[in-house]
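Bear in mind that the values in this text are calculations on the coordinates, not laboratory data. Just so we're clear, the structure is a prediction, and the values are computed from it rather than from any experiment. Cβ placement follows ideal geometry from the backbone for every residue including glycine, while neighbour counts extend to all protein chains displayed.
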Amino acid sequence: MKWRYATVEDSQALGEMNLRLIQDEKHRNPMTVPQLVQRMRDFLCGSYKAVIFSDDSEIFGYALFHPQEDFLYLRQFYIERHRRREGNGRAATKILMNEVFPPEQRLVVTVLTTNPDALAFWRAVGFADYCTSLEILPRSITGHEDARKDNA
């Protein structure tokens, strides 16, 4: 497995993989590929960094991360569907932890509850549960009466 830091020129490939990540995790993000490509450009021109994973035949994954003051936030991690269950995710994670991320840095990743496979993966590579975030959607989305007024 090879890795390199992504550049703005990689935004198209990153945006396309990001769409597949959104689909896999059943995220509500409605962005199109052109919008995701632009967002990747914005991330890479800002304070985010990305690493691309490949071999001699193809790019098959990436990690997008953002250094914070007291932790490193791994925002997105993706391995192409046809390259999963081959050890590529574990190998990519090992590269991140041993070659990319500072060893003294606390790492944080969030996992949607709609993605139990990702939750199992992150636990298997050493991450531990820290918190659970809950939300309530606006009535316009859920069709339910607003329960927030009873909790004020």
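Once the Cα atoms of helix 11-24 and of the chain are each reduced to a long axis, what angle between those two axes, in degrees from 0 to 90 to the nearest 10, is obtained? So the helix axis and the longest Cα principal axis differ by about 50 degrees. When the Gaussian network model of the chain links Cα atoms closer than 10 Å, the mean-square fluctuations of Ala13, Ala91, Ala124 top out at Ala124.
Once the Cα atoms are used to define both axes, helix 33-45 deviates from the longest principal axis of the chain by about 70 degrees.
Ranking of Ser54, Ser11, Ser133 by neighbouring Cβ atoms within 10 Å, starting from the fewest: Ser133, Ser54, Ser11. GNM on the chain, alpha-carbon springs under 10 angstrom: the most fluctuating residue among Asn18, Asn98, Asn88 is Asn98.
Taking a ≥ b ≥ c as the square roots of the eigenvalues of the alpha carbon gyration tensor, the stretch 1-121 is rounded, as a/c is under 1.5. Among Trp3, Trp122, the ranking by other beta carbons within 10 Å of each residue's beta carbon, starting with the fewest, stands as Trp3, Trp122.
Using the crude model of +1 on Lys and Arg Cβ and -1 on Asp and Glu Cβ, and no other charge, please compute the dipole size for the stretch 1-40 relative to its Cα centre, in debye to 20.
100 debye
Taking amide H atoms as placed 1.01 Å from N in the peptide plane, the amide H of Gly61 lies under 5 Å from those of Phe53, Glu80, each 5 or more residues away in sequence or on another chain.
The trypsin sites (Lys or Arg not before Pro) found in the stretch 1-101 that occupy coil by DSSP, while having at most 16 further C-beta atoms within 10 Å, are Lys26, Arg28, Arg84, Arg85.
Taking the chain as a Gaussian network of alpha-carbon nodes connected by springs under 10 Å, the highest mean-square fluctuation of the residues Leu14, Leu36, Leu137 belongs to Leu137.
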